[in-house]
Every structure is written in structure tokens, then in C-alpha cells.
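Peer 1: Handing you this structure, nothing more for now.
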Amino acid sequence: MKSPFTGGETILVAETRRAVFRKEEYEYTHLCYRCADTGEEFTTTQMDTYNVSQVYNGYREAHGIPYPDEIRATRSRYGLSALKMSRILGFGDNQYRLYENGEIPNVANGRVLKAIQSPVTFGTFVDAAKSVLSETEYTAIKKRLAEGGGRSSREWVVYTLMGGDNARSVYNGFSTLSRSRLKNTMLFYIEKYGGVFTTLMNKLLFYTDFLSYRENGETITGLSYRAIQYGPVPDRWDRVYSLTEGISQIEVECANGNVGSKLVSETPCDRSAFTAGQLAVLERVYETFRNDTSSSISEKSHQEPAWTQNKDTHSSIDFKYAFSLKAI
């Protein structure tokens, strides 16, 4: 990043600050760049998003308020429109949609949104709001709730084993695991490379999520990452690969005689799982590392502050390091 004041070098600054939101004070890590020549500080749009989101996230965590993707997932699980959800919960007609789009609920509404993640609890709201539903709608909703709200016990076990139960934090970009986007991210690279060794995939996923966070303010997969001896890798990466349906691991003997584990699949990547911005990130990561081997991309990852500043303790990697990526 060049200074907009002099065109010279800049320094990435991360310092603890406090900000007030809805009369409550929250501590956060403020990111900005400092001009090496003048000492003046400035931020990018992505940094502004990161700084503000930490404060908003602090408020959500303090009061148990779900995040927009959780609010969308709840509605999807029950198979209802945003308008119907609003009417069942007694909100204004457009309110549920606003919450899905990022508006932060007040504490009372936030607790309602948290409570209805339980099919049993949501069922009590459905019963109380029977007058706003047709008989057909009421019967269909109650049937879906009786089936567990659309998520099987096996799906929940797999989701948990892959890290889906991790609390949102700076170590997963305040995101939850998306098994669909994770699977299709891997399929995207498997298609492009004609199969991907696990070491290479570890690094591709790292660069994908950290670049996405830098460019779009959110990760693609929802994975968290750890700095181990051999570079940054997804947490529980072995489970991630072994538990993803439609993707297999085969043993391949390399030219040097070493044997490696390669991810392969006959399943095509479903690009509809991604937004235009996420697809742009995937394409950029591929174009940047298309000629890399497992060894060469590992060497590049060893130059990243995300690894060098955490490798001694094998720590989880804070997504603030997205703003100091060097290879991309």
C-alpha cells in the first residue's frame, strides 16, 4: 500500500481502541495505515468495514443477538418467506428482511431471533400466530418442525466435527462454517488443477479466505486457520477433507519418489453457491498460484506475517492479517 499523501511507503498499524454503540462501550482492534513520511493515518473501505464490524459484533455477542447469515439460515431452515417470518414473530412486515441484510436488532428482538433457532420454540410462535397463516401453511410448517427443522442429526454431527460449532471471533472472520461454499471452493480448485494435493489445498484455502476478508469484509468458507510448522492451514483440515461428500483422497507417488495425498472429484463445482465478489476472489487466487506446487506456495506462505508472527506458538490466526498479505 502506497501513501496517498506522498506516494511513499506506509506502515500497517493495529492498536486497541474503544468505541461507543447504543450507549455501550466496546474494545476493538483498530486497523489503519500510517504514512512513513508524514505520520498521517488513513484507512481503506475494507478496513473501515473491519473496524466497525468488530464493534457491532461485540454488541451482538454481549446480548446474544444472531448474525445476518444465521437469521437467513433460520428462515431457510423453516422454508418461509421473510414477510411470513415477520408476521409470525409480530415484527413489522419488512423487519425480518432488514435484519437479514445487516440491520442490528434491539435486544428484545435479538433474543427472539436467537430463541427461534430452536424448532420447539419457533413452534410456540407459529401456534400463537395461527391467525396469520392459512391452514395449509400452518400444517406444512408444523410438519417441517416435527422433522427437526430441516437438519438431520448426521448433518449436525458432521458440521460440528468440521468446526461448525466454533463461536464467531477474529479467528474465523466472524463467520460460521458454510459447508456448501467450502465444498464448492475445493471443487473449484480441483477442477482448475485437475486434482489438488492436500498441502496445496491448505494454502489455497488460506489465501482464499484471507483475500476474501480483505476485499469483501467476509470469508468464503467460515474456516479458522492455525500457524503450524509447515505454514498456515485450516483448523481440523484432515476432518474437513475426509468428511466432505463427493471429494476423495488418493495416494499419488511424485517424481521424487515421495507419496502425497491428492484431492480428486468427479462432481462439478456449483458456481451458484458464490456471489460475484466471491467468484472474483477464487479466480484471482487461482491465477496468482496456478503455476505453484505444494512446495513453492508453502514457501510463499512462510513469508506471510500471518504465519511468521504466530508460528512459534502454533496459534490460531487473527483475520486482521488479511491486510498484510504479501503474495496476493
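The values are calculated or read from the model by the stated rules, or taken from the named source; none is laboratory data. On a predicted model such as this, the values are computed, not experimentally measured, just so you know. FYI the Cβ positions are ideal-geometry reconstructions off the backbone, even for glycines, and counts take in every protein chain you see. The accessibility values were calculated without ligands, DNA or RNA, using every heavy atom of the protein model including side chains. Shrake-Rupley method; radii C 1.70, N 1.55, O 1.52, S 1.80 Å.
Peer 1: Give ALA140, ALA108, ALA73, ALA62 a once-over and let me know the one that is under 21 Å from the mean Cα position of the chain (by Cα) and open to solvent by 50 Å² or more (accessible area, probe 1.4 Å).
Peer 2: ALA62 is the lone residue from the list that is under 21 Å from the mean Cα position of the chain (by Cα) and open to solvent by 50 Å² or more (accessible area, probe 1.4 Å).
Peer 1: Still on this structure: Would you mind telling me which numbered condition in (1) at pLDDT 90 or above; (2) under 22 Å from the mean Cα position of the chain (by Cα) ASP238 fails?
Peer 2: (1)
Peer 1: Take LYS130 and tell me if it is under 31 Å from the mean Cα position of the chain (by Cα) and either within 16 Å of LYS84 (Cα to Cα) or surrounded by 16 or more Cβ atoms within 10 Å (Cβ to Cβ) (or both).
Peer 2: So LYS130 does not fit the description; no.
Peer 1: Suppose the filter is open to solvent by 70 Å² or more (accessible area, probe 1.4 Å) and basic (Lys, Arg); does ARG214 pass it? Can you show your working first?
Peer 2: Working: open to solvent by 70 Å² or more (accessible area, probe 1.4 Å): no; basic (Lys, Arg): yes.
No: the conditions fail for ARG214.
Peer 1: May I ask you to verify whether GLU24 is touching a Lys or Arg at 6+ places or on another chain (Cβ under 9 Å), farther than 17 Å from ALA167 by Cβ and open to solvent by 30 Å² or more (accessible area, probe 1.4 Å)? Working first, answer last.
Peer 2: Values: touching a Lys or Arg at 6+ places or on another chain (Cβ under 9 Å): no; farther than 17 Å from ALA167 by Cβ: yes; open to solvent by 30 Å² or more (accessible area, probe 1.4 Å): yes.
Against the criterion (touching a Lys or Arg at 6+ places or on another chain (Cβ under 9 Å), farther than 17 Å from ALA167 by Cβ and open to solvent by 30 Å² or more (accessible area, probe 1.4 Å)), GLU24 does not qualify.
Peer 1: While we're looking at this one, here's another question. Going residue by residue through region 202-222, is there one that turns out to be in contact with a Leu (Cβ under 8 Å, 6 or more places away or on another chain) and of a type in the set (Lys, Arg)?
Peer 2: Filtering region 202-222 down to residues in contact with a Leu (Cβ under 8 Å, 6 or more places away or on another chain) leaves 205, 207-211, 214, 220-222.
Narrowing further to those that are of a type in the set (Lys, Arg): 214.
Within region 202-222, one or more residues are in contact with a Leu (Cβ under 8 Å, 6 or more places away or on another chain) and of a type in the set (Lys, Arg).
Peer 1: For region 15-35, which positions are touching a residue at least 12 places away in the same chain (Cβ under 8 Å), out of contact with any Asp or Glu (no Cβ under 6 Å at 6 or more places or on another chain) and among the hydrophobic types (A, V, I, L, M, F, W, C)?
Peer 2: ALA19, PHE21, LEU31, CYS35 - these are the residues of region 15-35 that are touching a residue at least 12 places away in the same chain (Cβ under 8 Å), out of contact with any Asp or Glu (no Cβ under 6 Å at 6 or more places or on another chain) and among the hydrophobic types (A, V, I, L, M, F, W, C).
Peer 1: Here's a check for you: in region 182-193, which residue that is buried (at least 19 other Cβ atoms within 10 Å of the Cβ) and of a type outside the set (Phe, Trp, Tyr) is nearest to THR267 (Cα to Cα)?
Peer 2: Taking the candidates together, the pick is LEU187.
Peer 1: Can you tell me how many residues within region 47-76 are without any contact (Cβ under 8 Å) to a residue 12 or more places away in the chain and either outside any helix (DSSP H, G or I) or of a type in the set (Phe, Trp, Tyr) (or both)?
Peer 2: Result for region 47-76: 0.
Peer 1: Also, quick follow-up: Given the structure, is VAL196 over 20 Å from ASN310 (Cβ atoms), surrounded by fewer than 18 Cβ atoms within 10 Å (Cβ to Cβ) and touching a strand residue (DSSP E or B) at 6+ places or on another chain (Cβ under 6 Å)?
Peer 2: Values: over 20 Å from ASN310 (Cβ atoms): yes; surrounded by fewer than 18 Cβ atoms within 10 Å (Cβ to Cβ): no; touching a strand residue (DSSP E or B) at 6+ places or on another chain (Cβ under 6 Å): yes.
So VAL196 does not fit the description; no.
Peer 1: Same structure, new question: So, in region 27-46, of the ones that are open to solvent by 60 Å² or more (accessible area, probe 1.4 Å) and in a strand (DSSP E or B), which residue ends up modelled with the lowest pLDDT?
Peer 2: The qualifying residue modelled with the lowest pLDDT is GLU27.
Peer 1: Give me a count of the residues in region 183-196 that are of a type outside the set (Phe, Trp, Tyr), out of contact with any helix residue (DSSP H, G or I) (no Cβ under 7 Å at 6 or more places or on another chain) and in a helix (DSSP H, G or I).
Peer 2: Filtering region 183-196 down to residues of a type outside the set (Phe, Trp, Tyr) leaves 183-187, 190-192, 194-196.
Of the ones still in play, those that are also out of contact with any helix residue (DSSP H, G or I) (no Cβ under 7 Å at 6 or more places or on another chain) are 183, 187, 190-191, 194-195.
Then drop every residue that is not in a helix (DSSP H, G or I), which leaves 183, 187, 190-191.
Number of matching residues: 4.
Peer 1: Could you list all residues from region 89-104 that are over 21 Å from the mean Cα position of the chain (by Cα) and open to solvent by less than 10 Å² (accessible area, probe 1.4 Å)?
Peer 2: TYR96 - this is the single residue of region 89-104 that is over 21 Å from the mean Cα position of the chain (by Cα) and open to solvent by less than 10 Å² (accessible area, probe 1.4 Å).
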